[in-house]
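A.B. asks: First the structure, then my questions, so here it is.
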Amino acid sequence: HRRGLRFLRARRRVVARLAAWSVLETGQTFLLGYALARALDGGFLAGRADVGLGWLAAAAFAVLLGAYGTGRVYRAVAALVEPLRDRLVRHVVDQGVRSADRGALSRLTQQVEIARDTFAGLVMVSRSFVFTAAGALFGLFSLAPALLLVVVPPLAAGVALFGLTLRPLTRRQEA
């Protein structure tokens, strides 16, 4: 746990870049929902097709921004994951040289890649959940704040339950 936090702290700039691109990528969640609601309410349902089309154009622009952000997110994740892979490779090679372990290279190619892929997957899924949920909640707050009372408690309960089960799941995975 401490080594992981040290690793992330040493790469604050990369983590900040990843967060910034994630905001752009998942900002489309908020912008798309907001623009579609405005296109219907203030545009088409109000008999103002020009306003509706304008909001639909804004929604399309949001999708383009999100796609651009997605491309940048993958670069930022690579900038975070590849140093971990390099560090693991150095560690396995050092251990293999010290103990003259012939299986070290085999472990290097298989286990290091598994660890790298797992870390990248964890970063992508966690980041996506946090930023998408924040965008959706911000959008809900903007459009119908009273519904937050219905949506936030079950969401918070689900996240809390997941957090409580994370350690036992981690221990089982390690075993």
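The values are calculated or read from the model by the stated rules, or taken from the named source; none is laboratory data. Owing to the predicted nature of the structure, the values given are computational and were not obtained by experimental measurement. All Cβ positions, glycine included, derive from the backbone under ideal geometry; neighbour counts span all protein chains shown. Accessible surface is based on the protein model in full, side chains and every heavy atom, while ligands, DNA and RNA are left aside. Shrake-Rupley method; radii C 1.70, N 1.55, O 1.52, S 1.80 Å.
A.B. asks: Within the stretch 128-159, can you find the residues that are over 21 Å from Val23 (Cβ atoms) and either surrounded by fewer than 10 Cβ atoms within 10 Å (Cβ to Cβ) or among the hydroxyl-bearing types (Ser, Thr, Tyr) (or both)?
C.D. replies: Scanning the stretch 128-159 gives Pro145, Ala146, Leu149, Pro154.
A.B. asks: Please determine whether any residue of the stretch 73-88 is touching an Asp or Glu at 6+ places or on another chain (Cβ under 7 Å) and assigned to a helix (DSSP H, G or I).
C.D. replies: Looking for residues that are touching an Asp or Glu at 6+ places or on another chain (Cβ under 7 Å) and assigned to a helix (DSSP H, G or I), one finds at least one in the stretch 73-88, hence yes.
A.B. asks: Give me a count of the residues in the stretch 3-36 that are aliphatic (A, V, I, L, M), under 23 Å from Leu137 (Cβ atoms) and modelled with pLDDT under 90.
C.D. replies: 4
A.B. asks: How many residues are assigned to a helix (DSSP H, G or I) and under 13 Å from Gly33 (Cβ atoms) if we restrict to the stretch 135-150?
C.D. replies: So the count comes out to 10.
A.B. asks: Say we look at the stretch 1-57 and pick out the residues that are in contact with a Pro (Cβ under 9 Å, 6 or more places away or on another chain) and not aromatic (Phe, Trp, Tyr); which of these is surrounded by the fewest Cβ atoms within 10 Å (Cβ to Cβ)?
C.D. replies: The residue in question is Ala10.
A.B. asks: Of the residues that sit in the stretch 103-127 and are touching a Gly at 6+ places or on another chain (Cβ under 9 Å) and open to solvent by 60 Å² or more (accessible area, probe 1.4 Å), which one is nearest to Ala20 (Cα to Cα)?
C.D. replies: Within the stretch 103-127, the match that is nearest to Ala20 (Cα to Cα) is Arg107.
A.B. asks: Quick check on this structure: which one of Ala120, Ala57 is of a type outside the set (Asp, Glu), over 23 Å from the mean Cα position of the chain (by Cα) and modelled with pLDDT of 75 or more?
C.D. replies: After ruling out the rest, the residue left standing is Ala57.
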